[in-house]
Amino acid sequence: MDAKTLEARARAEGTPVIESDTATFVWRGRGPICLQGDFQDWRGKPLPFKRVAPGLWARTLTLPADAYVEYALEDPRGQRVEDPLNRHPSDNGFGGINHSFHMPQARSSLPARHPRGAPRGRVTRHVVDTGDVDLPGQRRVYLYAPPTDAAVPLVVVYDGEDYLRRVRLPELVDTLVAEGRMRPVALALVCNGGETRSMEYACSEYTVGLLKWKVLPLARQKLSLVDERRSPGAHAVLGASLGGLMALYTGLRMPDVFGRVLSQSGAFTVEGHDFVVFDLARPPPRRPLDVWLDCGRFEGLLEGNRRIAPVLSEAGHQVELREYSGGHNYPAWREDLVHGLERHFPPLPAKRRESLRFSGR
């Protein structure tokens, strides 16, 4: 299309201008300008725009028709520049904002609004001392109790603050349960240690100890949980990126407690280095895990996910790997997590659902 039509569409529809499997990014102002985003896993040289008219710049990419994409514009000095024609900002988790968009065939798996009048769970904030497990200071833990008096499985969540604020996990679970898409669960959202996060999540026994000696006793005290001594492996553990690595490590180390693993974009291989989960996954397990993996097709971490899935399967674990057209970000993880929750916690049979006594909290 000519430059005048392109700019008019960009102002009317927002950027990028999408046609079939192409997305055309448009910039009005002084150039040159460059583009970075999920489509290159935020690596390598930024992609330069081409001047298509005086003061008007554009760059066209071919993308999967079902993709969710985040991107940023940069000036020649590498400084971020706002795209005023994109109306969909996304917190990038590092104090900045990305721009985002969906390609035409992207379909949301997220539930609709919480049904009117349906009960909701309750989130409470707690602090546990961690000095006696060799982690510095204290750690926040958010507990979510579903609106039922029945004993339920527990999902321990790494990077708990992000899953609470950015994924809005308690709200997501509330709505999926209300729609009959999953059974009730409790949540223990465990915050990371900030600067020590990478060490804590790199297959750390200290973090396993934090769960065993601090988080699980707190959850058992405050929540109505299924007893894993009577139902081994009843609980689940969830995380993303290094948290996804730590989730699988936790399941492999504590299968009698955490029989279900949800790993999102797990960092099983980083810069060519395989973490110890590959070695732990190879022997026949004393208790097989049910492992759900997801990873974006734009991510460099996908190769590690594709490699560990058959290792787990050949050892005797149940494994599902879902690949989606997206990158390494919480909106993509929130969207795809629905599938993992539905897999691990399918709705109860109608008679059992009716027998649950909801507390209406």
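The values are calculated or read from the model by the stated rules, or taken from the named source; none is laboratory data. Bear in mind the structure is a predicted one, so any value in this text is a computation, not a measurement. We place every Cβ from the backbone using ideal geometry, glycine too, and count neighbours over all the protein chains shown. Ligands, DNA and RNA are excluded from the accessible area calculation, which covers all protein heavy atoms including side chains. Shrake-Rupley method; radii C 1.70, N 1.55, O 1.52, S 1.80 Å.
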- [ ] Given the conditions (1) open to solvent by less than 60 Å² (accessible area, probe 1.4 Å); (2) over 23 Å from L187 (Cβ atoms); (3) among the hydroxyl-bearing types (S, T, Y), report the number of the one that S263 does not fulfil.
- [x] (2)
- [ ] Please tell me if R260 is farther than 30 Å from F39 by Cα, more than 20 Å from the chain's Cα centre (by Cα) and among the basic types (K, R).
- [x] no
TODO: Out of the residues in the stretch 318-345 that are touching a Leu at 6+ places or on another chain (Cβ under 8 Å) and aliphatic (A, V, I, L, M), state the one that is farthest from A240 (Cα to Cα).
DONE: V319
- [ ] Scan the stretch 92-107 residue by residue and report those that are open to solvent by 80 Å² or more (accessible area, probe 1.4 Å) and touching a residue at least 40 places away in the same chain (Cβ under 8 Å).
- [x] Q105, R107
Task: Checklist (1) assigned to a loop (DSSP other than H, G, I, E, B); (2) at pLDDT 95 or above; (3) crowded, with 16+ Cβ neighbours inside 10 Å applied to L348, failing item - done: (2)
Task: Total residues in the stretch 218-230, condition without any contact (Cβ under 8 Å) to a residue 60 or more places away in the chain and touching a strand residue (DSSP E or B) at 6+ places or on another chain (Cβ under 9 Å) - done: 2
- [ ] Go through the stretch 13-48 residue by residue and tally those that are among the acidic types (D, E) and assigned to a strand (DSSP E or B).
- [x] 1
Open item on the list: Any residue at all in the stretch 157-178 that's open to solvent by less than 10 Å² (accessible area, probe 1.4 Å) and more than 15 Å from R334 (Cα to Cα)?
Closed with: no
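For (1) open to solvent by less than 60 Å² (accessible area, probe 1.4 Å); (2) under 25 Å from the mean Cα position of the chain (by Cα); (3) free of Cβ contacts under 8 Å to residues at least 12 places away in the same chain, each residue gets a yes or a no:
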| site | (1), (2), (3) |
| --- | --- |
| L35 | yes, yes, no |
| D38 | yes, yes, no |
| P54 | no, no, yes |
| R59 | no, no, no |
| E74 | yes, no, no |
| N86 | yes, yes, no |
| P89 | no, yes, yes |
- [ ] Out of V190, V208, report the one residue that is in contact with a Phe, Trp or Tyr (Cβ under 7 Å, 6 or more places away or on another chain), within 24 Å of R229 (Cβ to Cβ) and open to solvent by less than 10 Å² (accessible area, probe 1.4 Å).
- [x] V190
Task: Cross-chain or 6+ apart pairs with Cβ under 6 Å, the stretch 111-126 first and polar (S, T, N, Q), then modelled with pLDDT of 80 or more - done: T124/L143
Open item on the list: Just the residues that are open to solvent by less than 50 Å² (accessible area, probe 1.4 Å) and either in a strand (DSSP E or B) or out of contact with any helix residue (DSSP H, G or I) (no Cβ under 8 Å at 6 or more places or on another chain) (or both), please, taken from the stretch 132-146.
Closed with: R139, V141, Y142, L143, Y144, A145
TODO: For the stretch 19-30, enumerate the residues that are in contact (Cβ under 8 Å) with a residue 12 or more places away in the chain and open to solvent by 40 Å² or more (accessible area, probe 1.4 Å).
DONE: S20, D21, R28, R30
Open item on the list: Take P115 and tell me if it is of a type outside the set (A, V, I, L, M, F, W, C), part of a loop (DSSP other than H, G, I, E, B) and under 24 Å from V226 (Cα atoms).
Closed with: no
Task: Top-ranked residue in the stretch 211-245 [being charged (D, E, K, R) and surrounded by fewer than 19 Cβ atoms within 10 Å (Cβ to Cβ); ranked as nearest to L293 (Cα to Cα)] - done: K212
TODO: Working carefully through the options P64, P48, P16, find the one that is at pLDDT 95 or above, open to solvent by 60 Å² or more (accessible area, probe 1.4 Å) and closer than 27 Å to Y324 by Cα.
DONE: P48
